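Working notes, structure below.
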Amino acid sequence: MSAHIRPVSPLLVVLIYLALCSRLSSMRAASSCTNGQTGCHFLSLANLFDRVIQHSARMHGISNDLHSEFELYFLPSKNQIGRVSRNCHTSTILTPNGKENAQRIAREELTEVILKLLVAWREPLWHFHQNMAQHHEFNNFSSNKSLEMSDMVHELRRGVQKVVEKMQMLGVISSSLGNLASPEALLASDRAEWRLMNDYDLLYCFRRDSNKIQNYLKILKCRIVPEHGC
Amino acid sequence: MRTHLGLVMLCVMSAAGVCSSTSAPESPRQFDCRSREKETFSCWWEPGSDGGLPTEYRLFYEIENFRGVRECPDYVSAGENSCFFDKKHTSFWAEYIMMVVATNALGNASAQFQIPDVMNYVKPDPPVNVTVVVNSSAPSPFLEIRWKSPPNVDVRTGWVTPKYELRVKQNDSKEWKTVDIGAQTFFNFHNVEHGLLYMVQVRCNLDYGKWSEWSNTIFAKIPKHRQLEKYFWIFVFVFSLIPLLTAMYILVLKRKVVKQCLLPPVPGPKIKGVDVHLLKSGQSEDVVNALTGNQNFPPMAAWTEQVEDFLLVSDSDEWLLTDTFASEEKKDIFIIAAGLHLGLEIQCGDSTVDLNTWEKTDDSKEETKSNFLNTEPTNLPIEKQECLSGEEVSIQPNTSYVDIQQRPTLTDYSRVKEVNGDTILILNEEEIPHGSDAVKLKREVSVPDDYSRVKEVNSDVVFLEKGDSADGCCKKKEDHYTDWTNQKPIMPHDSELSKGFCSKMIANGYVDSVPSFSVK
């Protein structure tokens, strides 16, 4: 009995060791992917970007739908004369207005613009939803959409903040945006301008800004991690 | 009256003015813009009446957040009554206020148009390189549809994200089946049937903007239903399998019957008196008996040569052959030299007797030979006499007459010394079986032995002039030989026995090559 075991036991030991090693290495690989190697990180950064871009696309879609509904209800004239510029409260935020401009602007600046926009719209949308719920002439579908829209802005801002943190960690962008992440600094700039807007204008402005956010995020992704689907 | 005239004049003048009127232009109508790739855009207006005069149109615009009024940078690229804004002059998410002014000699007119966001006017070109491949594999066929984004759209920088939509219709149907694709540029359409022709179209839009026009129609035909073929072949296979199985069944279970049909037993040979079974199992003797049918053959006798050729035996020159021995036919003659002692005694005296005896003994078989025997002695007395006279020992002609007919004269082949040619036998002189005490003379007469001695050839007989080949006994012979040369050869028919018996000998001895001894 012992004679049989003797040659087998070292084999068993070796097998067990190999199994453990493989498990450990796989675990290490999983853990290292979130902490360690660069390639793995960029992959996760690209995934993050995709997630936020999808989110922003959905948000823009909802804003588009809401705006179309409002047009049906209120029927504003298409070629209005005299209204030179809309009073969007985010008009003060300088945003690149074309592809070349968005390409030329610095990454940090572009990221800052995105964050500013997202921060600026959180409160107005929440209020808008509150108004929608109170006014019963709007159907439930619109009310649900306004709620969804307001939630989305908040979620998207948190997602973009995570992307920024990741980028800062990877050294893609400098750490000078740290102060921007705090909402208080942003809110100080736009206090009540949005209250002057009517609902239609608000929806119009938000539709425009959500489109900007979506485009800027896409451009940012293709500038930072272009190999993952651009 | 005058008032009436005045009114008429007014009417006429106004009419004249209307007919030949040129006036200020009307303001333009209908304003529309389009951006094909979300980087540039163009706008068109519909001009109003130009008032009969050449009218100039100009466009002035203002952008939100940008101060100042600007004029259209390009009136030409987009066609007539249009304005093309290149990349430098295109701003998105910004409001454009357009003013189109129509001017002619008589005045001007203008209209204002508002473009809240150029993004609203983004309408791309249709997708290109639309390919449809029919995939007939798997359980059901499907269409592999592929396309490419419009060429002027920049997808690489992420500035533009096209979305696609395709539609498929049967050739003879009216309704399209539409599918929202998303951002990918391929699609597998499964809702197709065999044997039908389908039409496929694709379109795209950029960032929730306007949809493009539908692309060119691509036709695709699904091949006919293969299942029918499959069923057909299954059917054929099954039906061909049935006879195969029955054949195998027959072969396996009815082996013997089939064997008998295909390979009938070969009928054995039918021989009377032959028992097949006996052949199979019997002994060899039985087999032989069976085959031969139990006939009784006489025992085989030793082969005896039946001589058809004639042997001329002579031991001396005096050997004569009478014409009685002349035979009709010519045959090969075996001329045996005088020295041949085929059981012959070379005794002058007794030779005849011996020969005779010998001849007789060997002559038992041939009847015809007996004739010769009978005739011999009559012709040979001369030789006999001659023999007595001298030392010469010669075999009397009568004694020398060997039964030529029978080859058995050469019964004792041990005496054969040499076979020279095929007509002559040279025999050695050996012991005489009869134990003769006589001088053994070695007489060798070989006709073709030494052709230098040949004197004359008469027909096919060669006359020899014997030389020294003979022994001393034949010295005289020689003399005789020499004498003989002078003499003419005499045919044996003459039967003249002169002194020159040798001549006769010559004449007769070798002459009758054949004829006298023909035996039929």
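The values are calculated or read from the model by the stated rules, or taken from the named source; none is laboratory data. These figures come from a predicted structure and were not determined experimentally. Cβ: placed from backbone, ideal geometry, glycine included. Neighbour counts: every protein chain shown.
Numbers below:
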{"read-out": "Candidates B:G68, B:G48, B:G52 - the one that is away from every other protein chain (no Cβ under 14 Å) and on the phi > 0 side of the Ramachandran plot", "value": "B:G52"}
{"read-out": "Residue within the range A:166-180 that is at pLDDT 85 or above, touching a helix residue (DSSP H, G or I) at 6+ places or on another chain (Cβ under 8 Å), within 26 Å of A:N97 (Cα to Cα) and part of a helix (DSSP H, G or I) present", "value": "yes"}
{"read-out": "All positions within the range B:215-262 that are in contact (Cβ under 8 Å) with a residue 40 or more places away in the chain and either surrounded by fewer than 10 Cβ atoms within 10 Å (Cβ to Cβ) or assigned to a helix (DSSP H, G or I) (or both)", "value": "B:R226"}
{"read-out": "Filter result for A:H60 (modelled with pLDDT of 85 or more and closer than 18 Å to A:L196 by Cα)", "value": "no"}
{"read-out": "Pick from the range B:150-200, criterion under 19 Å from A:H228 (Cβ atoms) and of a type in the set (V, I, T), ranking: farthest from the other protein chains (Cβ to nearest Cβ)", "value": "B:T185"}
{"read-out": "A:Y200 being within 10 Å of chain B (Cβ to nearest Cβ) and modelled with pLDDT under 90", "value": "no"}
{"read-out": "Within the range B:96-110, considering residues that are surrounded by fewer than 20 Cβ atoms within 10 Å (Cβ to Cβ) and in contact with a Lys or Arg (Cβ under 8 Å, 6 or more places away or on another chain), the one nearest to the other protein chains (Cβ to nearest Cβ)", "value": "B:V101"}
{"read-out": "Leading residue by the ranking (surrounded by the most Cβ atoms within 10 Å (Cβ to Cβ)) among those in the range A:39-71 that are without any contact (Cβ under 8 Å) to a residue 40 or more places away in the chain and under 18 Å from B:K163 (Cα atoms)", "value": "A:G61"}
{"read-out": "Selection within the range B:83-95 - hydrophobic (A, V, I, L, M, F, W, C) and within 7 Å of chain A (Cβ to nearest Cβ)", "value": "B:F92, B:W93, B:A94"}
{"read-out": "Residues within the range A:94-116 that are within 11 Å of another protein chain (Cβ to nearest Cβ), within 20 Å of A:W194 (Cα to Cα) and touching a helix residue (DSSP H, G or I) at 6+ places or on another chain (Cβ under 7 Å), tallied", "value": "1"}
{"read-out": "Residues located in the range B:34-44, provided they are within 12 Å of chain A (Cβ to nearest Cβ) and either within 60 Å of the chain's Cα centre (by Cα) or hydrophobic (A, V, I, L, M, F, W, C) (or both)", "value": "B:F41"}
